[in-house]
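What follows is a single structure, written as structure tokens, with notes after it.
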Amino acid sequence: MGAAKMYLETSLFQFYYETGQASHLQKLTEQARQVFALIKTHKLEAYASPYVTRELVNIGDSERGEKMWQLIDEYGIRILETNLETEKLAALYIAEEAVPAAAFFEAAHIAITVIHRLDYMVSLNFAHILRPWTIERVRRVNVRQARGGIGIYKPAEVVKL
């Protein structure tokens, strides 16, 4: 069996370079870096999407955004293609209130993971993705749409898989 296929949501790239001094931020940064270390050793196969790259381009700090962008090349992260099917599934997640209407990219991150049949996605987005409400609503939509399930995990959970 090959390496697990996981989708890296934008927050993983952001936390890789988090500089906050609060202990909880330092802990999340360390966890994000552990996920990247597993990618480097080929224990995980990593994917992102144009949704991630667009968000990285729009980071307010261009130097930090450039560093995050370089992680894609440095770690060999593959960029998945988006399509109408991805956008339709993301719209369903929003219609079912799995994520707020203003959080299209978050819905799209989940949708592209499902459409490309990856094993799971990794996120540190506690506001819109890592909520029991979101995870359950996504599961319901996927069942109704005859889509496979995915795991939505925090980095700390992934390093234990």
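Step through the table entries LYS5/LYS40; LYS43/LYS67; LYS67/LYS160; LYS5/LYS43, compare each Cα-Cα distance with 21 Å, and write down the pairs that go over it. The answer is LYS43/LYS67; LYS67/LYS160. From most to least packed by mean Cβ count within 10 Å, the peptides 132-143, 103-114, 39-50, 7-18 give 103-114, 7-18, 39-50, 132-143. Using 0.36 nm per residue and subtracting the Cα-Cα separation, the extra length available between GLU157 and ARG54 on full extension is 34.4 nm.
Taking amide H as placed 1.01 Å from N in the peptide plane, ILE79 has its amide H under 5 Å from the amide H of ALA48, each at least 5 places away in sequence or on another chain.
Only the Cβ atoms of Lys and Arg (+1) and of Asp and Glu (-1) were treated as charged; on that basis the dipole of the chain about its Cα centre amounts to roughly 560 debye. Over the chain, dividing the summed -39,500 (n - 2.57) contributions of all DSSP H runs of at least 4 residues by the number of residues returns a 222 nm mean residue ellipticity of -16500 deg cm²/dmol. Looking only at segment 110-133, which residues have a backbone nitrogen under 13 Å from a spot 7 Å from the Cα of GLN34 in the C-beta direction? So the set is empty, nothing qualifies.
For the pair GLN21 and ASP73 in one chain, pulling the backbone fully straight at 0.36 nm per residue adds 16.0 nm over the alpha carbon distance. Neighbours of GLU96 by Cβ distance under 11 Å: Lys/Arg scored +1, Asp/Glu scored -1, total +2.
Taking Lys and Arg as +1 and Asp and Glu as -1, the other residues whose beta-carbon sits under 11 Å from that of ARG117 total +1.
Read-outs: derived from the displayed coordinates by stated rules, not from any lab. Because the structure is predicted, anything quoted here is derived from the model rather than measured. Glycine also receives a Cβ, built like all others from the backbone with ideal geometry; neighbour counts cover every protein chain displayed.
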